[in-house]
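**Student:** Sharing a structure here in structure tokens format.
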Amino acid sequence: MNRSEMTAHVLKRLDESGADIARLWAQGGAGTPTRHVAIDNLFPEEVALEIFRAFPQRGEGFRASASFRERKHTSYEFDRHPLILADVTFALQDPRVAARVGELTGMKGLEPDPHLYAGGLSMMLKGDFLNPHIDNSHEKTRAKYRRVNLLYYVAPDWREENGGNLELWDPKVTRPVTILSAFNRLVLMETNKDSWHSVSPVATDAPRCCVSNYYFSDVSPTGEDYYHVTSFTGRPGQVLRRAWGRIDNAARKFARSRLGMTRKTDAGYEGGLAKGD
């Protein structure tokens, strides 16, 4: 299945699931203010397996991150990986897909991000995690607001006890709602200044693989102007990490807004659309 066929198939699955997506999105998130919906069986199973097998099984060619905030492996250097990984990533970035997601969620004016600002390929190995955080409010020029995360999971036979699952939190980050990182599942999740989320520590030797995309718009989610960097805190009971997170978030916001500095993980894909267009 090439990129054009993938795009057509995603549009087909959105149409097939459209009524459920619109209903669940309108209902909001039970136990969390973050609206979200899961679309299972996004591609035929053999295609999803081919995507998974294209990931290097121990993170070769991926950039490792390790701090109190997160431990993970990421890449948007598609020339280093099989073409199918670029194809699935940019199929989800197709403007027609973004427009259809906008129609189903009621978010008008959604725009894809071919530069993959903080998006791309993600792998988590045993012990990797992503602490509770809210995403950067904008893309790197600060002209558009981040509105939707699209998280496509491709690790086969993934079970809740494996860890590595998406967690959506209440505003005070006291209790999560867990969404299983199930094989061949696409999760749509809104992004705003209250959408605290995390990934639980991976507890298995199997790699947890995800294709991450984001959509943006000119319109603020709240109707008001605001700005924040990706802001982390600790899990319940991690008192020191919560205290350090407040200091770290303030320091990085100052560096970003006053000094124009950015994290390497936010740099984005500078090549425009990847090979295969």
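**Student:** Compute the distribution of all C-alpha to C-alpha distances in the range 64-187, in bins of 5 Å from 0, and list the percent of pairs in each, rounded to whole numbers.
**Tutor:** Over the range 64-187, the share of Cα pairs per 5 Å bin runs 2, 9, 15, 21, 23, 18, 9, 2, 0 percent.
**Student:** Sorting K193, K126, K72 on the 10 Å Cβ count, fewest up front, what's the list? Provide the component values of the computation, followed by the final result.
**Tutor:** On the way: K193 18, K126 15, K72 24.
The order, fewest Cβ neighbours first, is K126, K193, K72.
**Student:** I would also like to ask the following. Please rank M189, M123, M1, fewest neighbouring Cβ atoms within 10 Å first, as an exposure proxy. Display every interim value, and only then the final one.
**Tutor:** Numbers: M189 21, M123 25, M1 18.
Fewest-to-most ranking of M189, M123, M1: M1, M189, M123.
**Student:** Going by average Cβ neighbours within 10 Å, how do the peptides 165-172, 104-111 rank, with the highest at the top? Please list the in-between numbers first.
**Tutor:** Working: 165-172: 18.9, 104-111: 16.6.
Result, highest mean first: 165-172, 104-111.
**Student:** How big is the charge dipole of the range 89-148 about its Cα centre, in debye rounded to the nearest 20, if each Lys and Arg gets +1 on its Cβ and each Asp and Glu gets -1 on its Cβ? Please report the intermediate quantities before stating the final value.
**Tutor:** Details: 9 positive and 7 negative charges, 27 e Å.
Dipole of the range 89-148, to the nearest 20 debye: 120 debye.
**Student:** Quick check: residue separation of K253 and A26 times 0.36 nm, minus the Cα distance between them. What number comes out in nm?
**Tutor:** Numbers: separation 227, 0.36 × 227 = 81.72 nm, distance 3.24 nm.
Using 0.36 nm per residue and subtracting the Cα-Cα distance, I get 78.5 nm.
**Student:** Based only on other Cβ atoms within 10 Å, what is the fewest-to-most ordering of H36, H81?
**Tutor:** Values: H36 23, H81 19.
Neighbour counts put them in this order, fewest first: H81, H36.
**Student:** Using a cut-off of under 20 Å, list every residue of the range 110-128 whose amide N is near the label point 7 Å from the Cα of V219 along the Cα-to-beta-carbon line.
**Tutor:** Only 110-113 fall inside the zone, counting backbone N under 20 Å.
**Student:** Over the chain, what is the relative contact order in percent, taking alpha-carbon pairs closer than 8 angstrom and at least six residues apart? Working shown, then result.
**Tutor:** Details: 588 pairs, mean separation 68.8, N = 277.
Relative contact order for the chain comes out at 25 percent.
**Student:** As a quick test, which of the pairs K126/K172; K126/K253; K144/K172; K144/K193; K140/K193 have an alpha carbon distance above 22 angstrom in this structure?
**Tutor:** K126/K172; K126/K253; K144/K172
**Student:** When the Debye formula is applied to the Cα atoms of the range 56-96, each taken as the same point scatterer, what base-10 log of I(q)/I(0) results at q = 0.14, 0.32 Å⁻¹?
**Tutor:** Log-scaled intensity ratios, in q order: -0.42, -1.07.
**Student:** Show me, for the range 201-209, the HN-Hα J-couplings you get by feeding each phi into the Karplus relation (A = 6.51, B = -1.76, C = 1.60, θ = phi - 60°), rounded to Hz, glycine and proline as x.
**Tutor:** My calculation for the range 201-209 gives x, 6, 10, 10, 7, 6, x, 9, 10 Hz in order.
**Student:** I want to check the label-to-label distance for A243 and L11. Put each point 7 Å from Cα in the C-beta direction and report it in nm to one decimal.
**Tutor:** 5.5
**Student:** With each label point set 7 Å from Cα along the Cα-Cβ vector, what nm distance links E46 and D157?
**Tutor:** 2.1
**Student:** Something else about it: For the range 10-97, what D do you get in µm² per second when you plug the Kirkwood radius from alpha-carbon pairs into Stokes-Einstein at 25 °C and 0.890 mPa s? Numbers along the way, then the final one.
**Tutor:** Numbers: Rh = 15.8 Å.
For these conditions, the coefficient is 156 µm²/s.
**Student:** Follow-up. With the Cα gyration tensor of the range 119-249 in hand, give its eigenvalues times 5 under a square root as the equivalent ellipsoid semi-axes, listed largest first in whole angstrom. Provide the component values of the computation, followed by the final result.
**Tutor:** On the way: eigenvalues 122, 73, 29 Å².
Semi-axes (√(5λ), whole Å): 25, 19, 12.
**Student:** Determine the dipole magnitude for the chain: charges of +1 sit on the beta-carbon of Lys and Arg, -1 on that of Asp and Glu, nothing else is charged, the reference point is the Cα centre, and the result goes in debye to the nearest 20.
**Tutor:** Charge dipole of the chain: 1220 debye, to the nearest 20.
**Student:** Per-residue ellipticity at 222 nm for the chain, helices alone: DSSP H runs ≥ 4 residues times -39500 (n - 2.57), over residue total, nearest 500 deg cm²/dmol? Present the calculation step by step, with values, prior to reporting the outcome.
**Tutor:** Numbers: 6 runs with 76 residues, N = 277.
The helix-only estimate for the chain comes to -8500 deg cm²/dmol at 222 nm.
**Student:** Still on this model: So if I restrict to the alpha-carbon atoms in the range 3-266, what is the Rg, and what is Dmax, the biggest pairwise distance, in Å?
**Tutor:** Answer for the range 3-266, Rg first and Dmax second: 17.3, 49 Å.
Only the coordinates and a few stated rules stand behind these numbers; no lab work does. Small disclaimer: the values here were computed from a predicted structure and weren't measured. Counting neighbours? That spans all protein chains shown, and the Cβs are built from the backbone with ideal geometry, glycine included.
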